[in-house]
Amino acid sequence: MNIENDKLKGNEKEEHSDRKIPFIISSTYLLSLLFIRISAHIAGSANSEVAKVVKQGGDLNFYIGRNIILFGYHIHHFYFGILMIALAGWFSITDTGFKSRKKLAAFYGIGLGLLMDEIGLLLTWGDYYSSLTYILSIFLLGIFLNIIFFPYFWEAVKEELAEDKPHLFI
């Protein structure tokens with residue numbers, strides 16, 4: 001009987017720990033997004049002389065300062081975000097034990113924040129200050145907040161959909 005109780009308590013701990021993961025992802029996402037956006041504004045890296053030279057096709061092969069230029073390519077921080085998301089996914093899927101789930105969630109959230117900071121730049125082909133960045137970042141944050149604060153609602157919706165249309169989940 002005690003073994004079954006311990007298993008139930010263990011499952012409750014896992015469930016409680018699982019509820020922390022979306023919060024960790026959301027909070028690190030928001031913090032990294034705010035940090036990198038404020039840092040870029042303060043540094044003025046989007047409109048720096050180096051950035052203008054690279055945009056005009058200037059011959060600059062290597063520079064590390066407010067911007068990073070390697071082999072003539074401007075390395076934006078969304079590349080680091082994509083790398084962090086990929087590594088977090090790899091380590092969580094392969095279950096290497098390299099990092100805990102909470103650390104991987106934080107790593108993923110930071111990478112997502114770096115990527116989302118420049119989503120407007122990617123979608124508009126170069127406008128770092130595009131309003132798309134703010135709109136899509138807030139939309140994603142809204143989705144995260146729904147997951148955190150309304151998990152039982154979404155579970156009920158999923159169950160209701162599965163009862164009415166089971167072929168959708170096959």
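The table that follows gives values for the structure above.
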| read-out | value |
| --- | --- |
| Distance (nanometres) between label positions extended 7 Å along Cα→Cβ at S131 and L70 | 3.6 |
| Debye, to nearest 20: dipole size of segment 53-145, +1 on Lys, Arg Cβ, -1 on Asp, Glu Cβ | 360 |
| Value at 222 nm in deg cm²/dmol, rounded to 500, when DSSP H runs of n ≥ 4 in the chain each add -39,500 (n - 2.57) | -24500 deg cm²/dmol |
| For segment 27-170: Kirkwood Rh in Å [reciprocal of mean 1/r, alpha carbons] | 17.6 |
| Assigned charges on the beta-carbon of Lys, Arg, Asp, Glu; the chain dipole about Cα centre (debye) | 600 |
| Most to least accessible of T133, T96, T124 (protein chains only, probe 1.4 Å) | T96, T124, T133 |
| The chain, relative contact order in percent, only Cα pairs under 8 angstrom and at least six apart counted | 24 |
| Solvent-accessible area per residue, Å², over segment 8-124 with all protein chains present [probe radius 1.4 Å] | 64 |
| Length released on extending from Q56 to F150, taking residue separation times 0.36 nm less the Cα-Cα span | 29.0 nm |
| Fraction of accessible area attributable to carbon and sulfur, segment 20-89 (%, probe 1.4 Å) | 71 |
| The chain: Lys pairs at Cα distance under 18 angstrom, eight or more positions apart or on different chains | 6 |
| Translational diffusion of segment 76-155, µm² s⁻¹ [Kirkwood Rh, Cα pairs; Stokes-Einstein; 10 °C; 1.306 mPa s] | 115 |
| Segment 87-170: chymotrypsin sites (Phe, Trp or Tyr not before Pro) in DSSP loop, at most 11 other beta carbons within 10 Å | W125 |
| Helix axis angle, 77-94 relative to the chain longest principal axis, alpha carbon, degrees | 30 |
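The values are calculated or read from the model by the stated rules, or taken from the named source; none is laboratory data. All figures in this text were calculated on a predicted structure; none of them were measured in a lab. Because the Cβ atoms are built from the backbone with ideal geometry, glycine has one as well, and the counts that use them run over all protein chains shown. The accessibility values were calculated without ligands, DNA or RNA, using every heavy atom of the protein model including side chains. Shrake-Rupley method; radii C 1.70, N 1.55, O 1.52, S 1.80 Å.
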